[in-house]
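All remarks here apply to the structure that follows.
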Amino acid sequence: MPVFDYHGVPVAFEQAGSGAPILFLHNIGGDRTIWSQQFRALQATHRVYSLDLFGFGESGIPDSGYTVANYLRLVSEFVDDRGLRDITLVGHCFGSALSLLYARANPRRVRTLVLSSPLTAATLRPTPTGWAARAARHLSLDGLAGAVRLPGPAARLVVREQLGPRGREMDDGIFAGLDRRWADRRRLLPTVALARDLPRLAELDEFRPGPQFPPIVTIWGANNRILSPAAGARLNETLAPVRAITLPRCGHLVMLEAPETVTAAISAATASALAG
């Protein structure tokens, strides 16, 4: 497993294939493995990269540094270190927010964006996840979150809450890796610490891409309970995606619940941008 040294913090990543580059960014609480099916499928035609953001997956878990700006800096330095140009950024939830923020600062380096359930202040606010995030901002829970681990049944419940009807009908083994990650020691620390900085993402609710901004594709699960699909539809009015996909009976983890559809959407978005 290659490692990128981010100011002394080891950041695990995978790289495969050749061709136009695609960088996959995961959500808060997830890791790079949520994109495994898309990563494997697209490495035949593209140079694919998938990161474990620090605090998640197999990357290091520092005691501090869990801010939007710090994660954005990680993405920027990784892209620079790999010498990537004309990237397709594929993000999920927080990874979508990072993709948008990076593209705003570096539009000429991004070919297209595929944003799954983009996290903004507005898409988070009306959900139970949003209520929990607001509560976490007012409590000093870092020490506790860094010391405890979720028991297995609680970790499974956290993952199942992210699924729509389609995902809950699927084999539990598909989600076993996420169950184990949520039960890891210190897994709650980055989630709780980052909650304090999420209000910064309100700027994305006001962002209107100009004519030179890379084309955007959005993907939402119609039964998402972690972020609000209704707020996502309003966000689409300002982001003006070239394609807005809503997947029936899917929840938050659309890349696991409808993997072929999501892979096809990424492939089509990249092909269209290359042709353009």
Original post:
Are any residues in segment 80-117 aliphatic (A, V, I, L, M), within 23 Å of Met255 (Cα to Cα) and either modelled with pLDDT under 95 or assigned to a helix (DSSP H, G or I) (or both), and if so, which ones?
Top reply: Ala97, Leu98, Leu100, Leu101, Ala103
Original post:
Does segment 205-213 contain any residue that is of a type in the set (Phe, Trp, Tyr) and surrounded by 21 or more Cβ atoms within 10 Å (Cβ to Cβ)?
Top reply: no
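In segment 47-60, which residues are among the aliphatic types (A, V, I, L, M) and part of a strand (DSSP E or B)?
Within segment 47-60, Val48, Leu51 qualify.
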Original post:
Which residue, of Arg208, Arg243, is touching a strand residue (DSSP E or B) at 6+ places or on another chain (Cβ under 6 Å) and of a type in the set (Lys, Arg)?
Top reply: Arg243
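The rows are residues; the columns are (1) at pLDDT 90 or above; (2) touching a helix residue (DSSP H, G or I) at 6+ places or on another chain (Cβ under 6 Å); (3) of a type in the set (Lys, Arg).
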{"position": "Val158", "(1), (2), (3)": "yes, yes, no"}
{"position": "Leu163", "(1), (2), (3)": "yes, no, no"}
{"position": "Asp171", "(1), (2), (3)": "yes, no, no"}
{"position": "Leu178", "(1), (2), (3)": "yes, yes, no"}
{"position": "Ala183", "(1), (2), (3)": "no, yes, no"}
{"position": "Arg200", "(1), (2), (3)": "yes, yes, yes"}
Original post:
Val262 passes all but one of (1) in contact with a strand residue (DSSP E or B) (Cβ under 7 Å, 6 or more places away or on another chain); (2) within 17 Å of Ala97 (Cβ to Cβ); which number fails?
Top reply: (2)
Original post:
Quick one: how many residues across segment 215-262 are free of Cβ contacts under 8 Å to residues at least 24 places away in the same chain and assigned to a loop (DSSP other than H, G, I, E, B)?
Top reply: 0
Subject >> Within segment 16-46, tally of residues that are surrounded by fewer than 24 Cβ atoms within 10 Å (Cβ to Cβ), in a strand (DSSP E or B) and touching a residue at least 60 places away in the same chain (Cβ under 8 Å) >> reply: 1
Original post:
So which residues in segment 100-140 are under 17 Å from Tyr71 (Cα atoms) and of a type outside the set (A, V, I, L, M)?
Top reply: Tyr102, Arg104, Asn106, Pro118, Thr120
Subject >> Single residue of segment 47-58 satisfying the filter (touching a residue at least 40 places away in the same chain (Cβ under 8 Å) and either among the charged types (D, E, K, R) or in contact with a Phe, Trp or Tyr (Cβ under 9 Å, 6 or more places away or on another chain) (or both)) that is surrounded by the fewest Cβ atoms within 10 Å (Cβ to Cβ) >> reply: Glu58
**OP:** Give just the number: which of (1) free of Cβ contacts under 8 Å to residues at least 60 places away in the same chain; (2) more than 19 Å from Thr191 (Cβ to Cβ); (3) surrounded by fewer than 17 Cβ atoms within 10 Å (Cβ to Cβ) does Tyr102 not satisfy?
**Re:** (3)
Original post:
Of these, Ala155, Ala176, Ala183, which one is surrounded by fewer than 14 Cβ atoms within 10 Å (Cβ to Cβ) and over 17 Å from the mean Cα position of the chain (by Cα)?
Top reply: Ala176
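The values are calculated or read from the model by the stated rules, or taken from the named source; none is laboratory data. What you see is a predicted model; the values in this text were computed from it and never measured. Neighbour counts run over all protein chains shown; Cβ positions are idealised from the backbone, glycine included.
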